[in-house]
Amino acid sequence: MARTTGPSCWTMTVLLATILQFVSIIAAQQTVLIEGTDRHNVSRNLTVDRYPSLYTGDFADCLNGESLFNITKYDAGYYADNMTVVFHLDGTTNVRQENLMLHLSLFAFGETIFDATLDPCKLEISSLCPLNANNPVEAWTAIEVTVSEIDIIPSISLDIPDFEGSARLQVFANSSQTEIGCFQAVLSNGNTLSHPYAISPALGGLTALAILSSFAAAVYGVSIPHMRTHYAHSFSVLVVLETFQTIYFSGALSVHWPSLLPAWWSNFAWSAGLIYSHELVESLRGFAGISGNASQVGGAGSNVINNEGGLIHQIYGRSLDLGPAAASQPSRRALAYNASDPYDYTWGGRPVAPGMPIPGTWPGFRGTLAAIRIPIAGAFTVGLIWWLVALALVVISVTAAKFCLDLLIRLKLVNKDGFAYFRTHLPGYLATSVLRTLLVASFPLLTLALFQMNLERPTGPLAIAAVVFALLLVGLGGLVAYACYFRLRFSKFQMGTDTIILEQGRLFKVLPFVAATRASTIGEKESATKRYGSLPFLRIHFVDNDPDRPRPSVHKDEAYVKRFGWLAAHYRRKRWWFFALWFAYQVARACFLGGASRSPLAQVYGLFILEVLAFIVFVNLKPYEGQRNAVVAVWMLGMSKVVTAGLSIAFLPDFNNSRILLTVFGLIIVVVQGFMVLAVIVLVVLGMISSWMSLHRNRETFRPQALDSIRISYYEHLQNKAPDMRPPPREEANGAAEPRSTFTVNSVRRAPKIEDDDDPETDVFPSLSNNNVPIQDVPPATRPRSRTNSVNSRYSVGSLPRRARTQRASWSSRDFAEWDAQFERPDSAMGVGTAGTAGTVGTSMRTTTAQGRQRSSSLRQIAHLNSHSSLRMQQQPDIRERPETPSAQRRPMSPPREVSEDKLEPFPALEIVPSRRDDETTGREMEDNGVSPVKETDGKQSGMPQPGEKEEEQVAVSGTANESTKDETADVTRGAAPTDGESKQQPTSEKEAEAEKTP
């Protein structure tokens, strides 16, 4: 029994302890309710620890550090459910004794929405009535407001994200009527677009997937040109990070931003290397020259009276020595949240870190950095450290990828042939990866370095910024220049005159626009578009020193791709030098953003002009080979930059625009950039799919099977884009559309005809049948007819006039031949011929008469050769049908020698003679795309012509052949049996048999 009762006692004990703990928690979290009435006279019970409709966040001293208080807690809020304004103030002071007056103001979108002057004595705030240095400051009060006082607060402000507002508390000394304290906190409604702890990791993971897919396209394969082709069509990591960096550095302009924009931009700070770490920022404060107390705000200092305060002598005018007791008074610190106190709350803010702007204001790049809690003085150092970490991660990741592939190949999980080149060239890939990472980091580091040099802070960060700026500008700039020189070292550039023609065009094929075209690209072509004028321009063209020297294109030059593929691989063959223009453009942007930060007008207007010019140039150049890269990097990113820079002009302080209007402009910028981010996300996913297809280019099967046809189309697209040749002009329609009738015939009146007076007894061509006999009453033929079935048609004679002659409904080729034989003279040259003679397709067919003259044979004999009896020739089973081409060979219109129709010999069998067809498209592929993108091992696949090879086709060239008439085609379709006259003649001798067999 002891063994059974023991566990039961322990179970009851644990259960009782759990219940007691749960009851104690419930008792500690007892909710206190109050009754409140809103502006619509609706009453309800409310908890005292609820969130206000508008409440404050971080706070700071708004007297530039000269307030005579050390404040550790300042909270204010507006409760719309009971129309109450509250504020809470904790801290210490060094003022011995003073009567005070308080002034509380709430601001929203640049307008004052609440303003009240408070007497601490009337509000029974004992710590402020009077103010004494021996007593800590602890003030809390609730102020009821009327509907008229809060009527100015718009209802939408309680719900929109990133409400722009602030709460300011000013303290005045009654003795001197001077402001001795000012504290300001940002005002918010709890809704925000700033989610750096959720959005940033998601975008970072997406970028990691883009890096993985691009890296896979770069390392898989054995042919360098082939690998470059697939890598060029993968979604560029440079484009992805450039998009995120551009979004964040939109806030680097020296203007007053609405609160919406810095909150939105904080989600992309990681792409610039600005990742907040409390330990890192705190450790760099001394090196960056940042001083101050992050646990409190104010300028009272540790002494009784701060001698550095500018209002000391004006307020007191007495001795500053207040004794050792006051000097030893410790500063009051904010208490932690007490869950057992029903009146405690969690929505309050904290003192801002030193070096940050005043809360509620977002001035330029300082305001943008404030959203991620990084002071501007330490931004460059933080960014540099994180980019160095990124370089180390790149080296480690590439090396780990190599050893992981070795392990997988050893385990026979991966085919070793696909990654053999990467595994044997690891040092080259490491150098390329590091240089590519530096290229991605060049723009943010240049911009941050210029900002650091404008601050004129301690010499340490300033010297590092100067060195990094020089290394990036000279180092990367030198590599870019050397890449251009390496390609052009055996050639030169020539400069000449050119003209830009302004003519009528359409933007996106819809909007009327002015198109600018260089005259050198038009040549002698005539254009029907309307021209508005022209501008003089310069033309720089490339001239090779030795035009006869064989030289591969830039993407086929393996030595160049190995050295500078990290620069030029993503660009078209004709725009391989675009990386130099791109780098110069990024340096110019960095100079405007970081170097011109002290001149807002020059900075904003200069950047806007630069973005417009860059967008126009990039659109006309079309530098990228892959469509996804071109859509984002040229179109979407370019338009986003132009829109952002253009709308940023309205944020300049000189214009003093309404903050509500500026918030609307900020919302437009967020929408434009948000659509761009969504496009990047979609294209990264598509890039992963295309890279997966690239990894399966040497396999016959692909999973899922539904995407196999898309995979083949993708390979063909790569093959067509790699040569970078101008597409052929569109073929015009063979004929114009038939005009539609614009009238209708309602009635017809018959007029007398000449045929009405004819006598049927004297007709030369008597009627072939009785018109009065119905079609179904005509008896079928009782004997084999020499005419085709179509001759017996009667449908065409039923509507003839009563006195009109009935002609034959249709005529076959044999009818023409028999008719010609009846009127042929026996002594004519046409009656004499040699049977079995045939010509060759494509030769000029002429016959020679007895007098030595040449004449073309008639269509009757040609049609006879193609009649049904002649079509019964022996067919070759291996004849390939040649596709229709513009240069297709025509059949002869007449035989080489005319023969008598009653002595026709069987048509000779066709003979297959090969001929070679010159294909321009294949020739271009041989010149510009020597490697097929489908399989790179041997470049040969069934069903697809290989670049550099001309297709060979078999065509029938022996014997005479011509197109049969429609009637004969109908006869063959119906399967009409040949008559006696159509059967071929049997050879009467051995000589005739041999002649019959020999063509």
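The values are calculated or read from the model by the stated rules, or taken from the named source; none is laboratory data. Everything quoted here is computed from the prediction, not taken from an experiment. Neighbour counts are summed over all protein chains in view; Cβ atoms, including those assigned to glycine, are modelled from backbone coordinates with ideal geometry. Heavy atoms of the whole protein, side chains included, go into the accessibility calculation; ligands, DNA and RNA do not. Shrake-Rupley method; radii C 1.70, N 1.55, O 1.52, S 1.80 Å.
Ranking 497, 141 by solvent-accessible area of protein heavy atoms (1.4 Å probe, all protein chains present), from largest to smallest, gives 497, 141. If you take the beta carbon distance between residue 534 and residue 689 as r and set R0 to 45 Å, what does 1/(1 + (r/R0)^6) give as a FRET efficiency, to the nearest 0.05? Computed FRET efficiency for residue 534 and residue 689: 0.45. A 1.4 Å probe run over the stretch 491-550, with the rest of the protein chains in place, finds 83 Å² accessible per residue.
The magnitude of the dipole of the stretch 491-550, with charges of +1 and -1 set on the Cβ of Lys/Arg and Asp/Glu and taken from the Cα centre, is near 360 debye. The length gained by stretching the chain between residue 123 and residue 43 to full extension, at 0.36 nm per residue less their Cα-Cα distance, is 26.2 nm.
Placing a pseudo-label 7 Å from each Cα along the Cα-to-Cβ vector at residue 709 and residue 64 gives an inter-label distance of 7.4 nm. Extension gain for the segment residue 671 to residue 656, taken as residue separation times 0.36 nm less the Cα-Cα distance, is 3.0 nm to one decimal.
Residue 675 contributes an accessible area of around 130 Å² to the protein surface, as traced by a 1.4 Å probe with all chains present. Report note on the peptides 603-612, 405-414: ranked by the mean count of other C-beta atoms within 10 Å, highest first, their order is 603-612, 405-414. Treating r as the C-beta distance of residue 150 and residue 599 and R0 as 45 Å, the FRET efficiency rounds to 0.60. Taking only Cα atoms of the stretch 491-550, what ratio of Rg to Rh do you get with Rh as the Kirkwood inverse-distance radius? Using only Cα positions, Rg/Rh for the stretch 491-550 is 1.14.
Ordered from highest to lowest accessible area with the whole protein assembly present and a 1.4 Å probe, 721, 122, 622 read as 122, 622, 721. Which FRET efficiency, nearest 0.05, do residue 748 and residue 504 yield, Cβ-Cβ r, R0 45 Å? In this case the efficiency is close to 0.35. Note on residue 408 and residue 617: the model spin-label points, each 7 Å out from Cα along the C-beta direction, lie 4.2 nm apart. What is the sum of charges, Lys and Arg at +1 and Asp and Glu at -1, for the other residues whose Cβ falls under 14 Å from the Cβ of residue 465? Computed value for this residue: 0. Checked against a 25 Å cut-off, the cross-linked pairs 562/641; 641/721; 492/556; 412/562; 562/721 give Cα-Cα distances beyond that limit for 562/641; 641/721; 412/562.
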